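This structure is in structure tokens; I'll ask about it shortly.
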């Protein structure tokens, strides 16, 4: 059975989508069958992979309509790497979900058909704790939390952990925090190291050793509709995500 992991942080600009897109790319390079679900109305993961946001069907049309994920799935430039894109319609999903049956389980229910087709299903959640993110968490086995190496990035982590705890207590007891990964790290600054130490208070024994550095090449890749693996595989950002993917497989392997 494929493992489903949500990439979550309600604070924007922390490298959440960059991590989801590039982690999935390197997992596919390791020979894993990977599906990335763009659950963010901003559709950044979709455009990052060179797919148009103007598609007629995407994740919204599955969650609210008659379509299945198999019908809206698209290829990426990488072998073994598929995408469920976000369309412009997703922006109104939070409001429309309110009156739907099993509103917290819409994603979970629709993933049952395909979860065995992949080794990993990565969900790029919105930078909020609304119904879309709750759907992502309920559908997931584990949660990966990117945290920017800046002081204010720590704000709100307590709220995120509380939300995860509420879902564990009321909806999905088996949901687990896989860990936190530090992004935009610059070892020259003492603050970055202070943030890393503070993270250990929130996630003892659950900090990935692979740290994602600040990188111009990582920032450039989305504008070209490419992952860092395709854009500049020799850059320090690419090497960091390659290490993260290997560490990720180690921590999620059932063997």
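Read the figures in this text as sums done on the coordinates, not as results from a lab. This one's a predicted model, so the numbers in the text were calculated from it and none came from an experiment. Note that we place each Cβ from the backbone using ideal geometry, even for glycine, and neighbour counts take in every protein chain shown.
Counting other C-beta atoms within 10 Å, which of 184, 1, 73 has the fewest, and how do the rest follow?
1, 73, 184
Also, I was wondering about something else. Rounded to the nearest 500, what is the 222 nm mean residue ellipticity of the chain from helices alone, with -39500 (n - 2.57) per DSSP H run of 4+ residues and division by all residues?
-11000 deg cm²/dmol
Can you put 203, 69 in order, fewest other beta carbons within 10 Å first?
In order of increasing Cβ crowding within 10 Å: 203, 69.
Quick one: of the DSSP bridges fully inside the stretch 3-252, what percent are antiparallel, nearest 5?
Given both bridge residues lie in the stretch 3-252, the antiparallel proportion sits at roughly 5 percent.
Normalising by the residue count of the chain, find the relative contact order in percent from Cα pairs under 8 Å and 6+ residues apart.
26
Full-extension gain between residue 191 and residue 52, please, as 0.36 nm times their residue separation minus the C-alpha to C-alpha distance.
46.2 nm
Further question: Specify whether the C-alpha gyration tensor of the stretch 1-143 places it in the rounded, prolate or oblate class, a ≥ b ≥ c being the square roots of the eigenvalues: rounded for a/c under 1.5, otherwise prolate if a/b is larger than b/c and oblate if not.
Because its axes are fairly even, with a/c under 1.5, the stretch 1-143 counts as rounded.
So if I take the centroid of the Cα atoms in the stretch 14-92 and the same for the stretch 173-202, what is the distance between those two points in Å?
That distance is 26 Å.
Same structure, new question: With a ≥ b ≥ c taken as the square roots of the eigenvalues of the C-alpha gyration tensor of the stretch 115-160, please select rounded if a/c is under 1.5 and otherwise prolate if a/b is larger than b/c or oblate if it is not?
Cα axes put the stretch 115-160 in the prolate bin.
Would you mind calculating the relative contact order of the stretch 92-236 from Cα pairs under 8 angstrom and at least 6 residues apart, reporting the percent as a whole number?
19 percent.
Moving on. For the residue pair residue 247 and residue 116, what label-to-label distance in nm results when each label sits 7 Å from Cα along the Cα-to-beta-carbon direction?
Result for the modelled spin labels: 3.4 nm.
Here's another thing I want to ask about it. From the Cα gyration tensor of the stretch 3-252, with a ≥ b ≥ c the square roots of its eigenvalues, which class applies: rounded if a/c is under 1.5, or else prolate if a/b is larger than b/c, or else oblate?
oblate
Would you mind telling me which residue in 141, 186, 124 has the biggest mean-square fluctuation in a Gaussian network model of the chain, where springs connect alpha carbons within a distance under 10 angstrom?
186
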